[in-house]
Amino acid sequence: MGFYMARTRRKWGMRVDKTLTFRRGVHPREAAGGKLETRGLPIESAAAPSVVAVPLSQHVGAPAKPLVRPGTPVLMGQKIAAPDGFVSAAVHSPVSGIVKSIQTRIVAGGRRVEAVIIENNALDEWDTSLMPVRDADDPAQLLAAIREAGVVGMGGAAFPTHVKLSPPAEKSIDTVILNGAECEPYLSADHRVMLEETDAVLDGLRLAARIVGAKTLCIGVEDNKTDAIEALRRAGGGAHVFALRTKYPQGGEKMLIRAVTGRSVPSGGLPMDVGCVVLNVSTAAAISRAVREGRPVIDRVLTVTGAVRQAKNLRVRIGVDIDSVIEQCGGADAQANKIVLGGPMMGLCAYNPHTPVTKGVSGILLFADHESERPLSNCVRCGGCVNVCPVGLMPLTLYALSRKGFYERARDEQHLMDCIECGACAYQCPSRLPLVQQIRAAKSALRRG
């Protein structure tokens, strides 16, 4: 039958489909203000800003090198920064206008990066040099177009897509999986992309499979998005669409691979070690636009919700200040006191209303006082963090070792680097210990050496 056939079980003597999933994990509540409020809202185009601040580092890897300087006229879609090395990504202008300066700006999580400040002339004049790929059957041309367009992981990781689609020669890829789980609470941007850009999503999947030589195409979607599952199945395209159990972090690469294929990525390994490549559905749509239109990543779909007067799914240009986006949703509620970019489980706080939207920002969430209060207490040794860890780690032990600075022990004895930083342990913890934050700090310390 093949690995992609749905697993089955017996229930009351009948043969029925068994919803695919992974071990452990959590199921955050879908309360008012969450997905239930935004999943039925169609994508709207946000108004073009008068000024944008386009960061040169909005991806994993080296910051891009600027190709423009103050006073340079630019066109919409024009490349304004080139990749600085293999693991880097090109950056393009989301507007036409004049470069005013290159300044330091604060992005999600408080990082300071260089950004190109462009004054919009409101003409939206496209760069006429942007062209579709001539031979869409040539993997080399496809890969070059994706790199030139600055496509990165749109699910939040922002890993350069051309790197992911360039596995070593000894790694044979037979399966490409699209991640349509969107397991983070509140977010519904990917859900709307699957419904409204179905053909582009499937086209991007086929193009990615052509590049890596994969024969099996899969899409995993949580079963709280039945309309998206039906839309993808109706569209066909040779992809196997799986309904996944609604559980967090179902969208994690290792969890998704386990649920869809039954394969387990080894400790310290990558999806390519088990013959898989995993891409986000919005990334797939961006691949299609890059190949078919020559269009670079100058905007993205994101969800604005929470303590905001009007929740929306918006297509927002890269480099727009988040306060401008919030104002287009009627402004923040009076009690709002916290902004998270991304989802509430893995997203990063915004410390400045002038934080620009980047390629990896899938949501702008506002929280009120009563929602963001998390009083801390001592560990009660309940084991809840262990029971929900999808990777099978001991979060409390990692937390204790990290607090004491025993980073090497945490890495060597407790597999620190296998942590995917999903936050399931912190969500489950009744003492509200900052488990994932401490683990993340330990991993950063080890990377710095």
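Scanning region 88-141 for residues that are touching a Ser or Thr at 6+ places or on another chain (Cβ under 7 Å), assigned to a loop (DSSP other than H, G, I, E, B) and not aliphatic (A, V, I, L, M) turns up Asn121, Asp124, Glu125. In the set (1) open to solvent by less than 40 Å² (accessible area, probe 1.4 Å); (2) more than 27 Å from Thr128 (Cα to Cα); (3) among the polar types (S, T, N, Q), Thr283 fails one condition alone, (2). Based on what the data block shows, is Val325 in contact with a strand residue (DSSP E or B) (Cβ under 8 Å, 6 or more places away or on another chain) and within 19 Å of Ala46 (Cβ to Cβ)? Yes, satisfied. Taking every residue in region 124-150 that is touching a residue at least 24 places away in the same chain (Cβ under 8 Å) and within 22 Å of Phe86 (Cα to Cα) and pairing it with any residue that is open to solvent by 50 Å² or more (accessible area, probe 1.4 Å) and assigned to a helix (DSSP H, G or I), at least 6 positions away or on another chain, the pairs with Cβ-Cβ distances below 9 Å are Val133/Gln141; Val133/Ala144; Val133/Arg292; Pro139/Arg210; Leu142/Arg210. Of the residues that make up region 357-375, is at least one assigned to a loop (DSSP other than H, G, I, E, B), of a type in the set (Gly, Ala, Ser) and open to solvent by less than 30 Å² (accessible area, probe 1.4 Å)? Yes: one or more hits.
With respect to Val176, determine if the residue is among the β-branched types (Val, Ile, Thr), open to solvent by less than 20 Å² (accessible area, probe 1.4 Å) and more than 15 Å from the chain's Cα centre (by Cα).
yes
Please determine, by comparing only the residues of region 157-173 that are assigned to a loop (DSSP other than H, G, I, E, B) and either crowded, with 23+ Cβ neighbours inside 10 Å or under 19 Å from the mean Cα position of the chain (by Cα) (or both), which one is modelled with the lowest pLDDT.
Residues of region 157-173 assigned to a loop (DSSP other than H, G, I, E, B): 157-159, 165-173.
Those still in the list that are either crowded, with 23+ Cβ neighbours inside 10 Å or under 19 Å from the mean Cα position of the chain (by Cα) (or both) too: 157-159, 165.
Details: Ala157: 86, Ala158: 92, Phe159: 94, Leu165: 97.
Residue satisfying both the conditions and the ranking: Ala157.
Can you tell me which residues in region 67-95 are of a type in the set (S, T, N, Q), closer than 21 Å to Arg315 by Cα and open to solvent by less than 10 Å² (accessible area, probe 1.4 Å)? Ser93, the sole residue that qualifies.
The values are calculated or read from the model by the stated rules, or taken from the named source; none is laboratory data. This one's a predicted model, so the numbers in the text were calculated from it and none came from an experiment. Methodologically, a virtual Cβ is constructed for each residue, glycine included, from the backbone with ideal geometry; neighbour enumeration extends over all protein chains shown. Side chains are part of the model used for accessible areas, which takes the heavy atoms of the whole protein and leaves out ligands, DNA and RNA. Shrake-Rupley method; radii C 1.70, N 1.55, O 1.52, S 1.80 Å.
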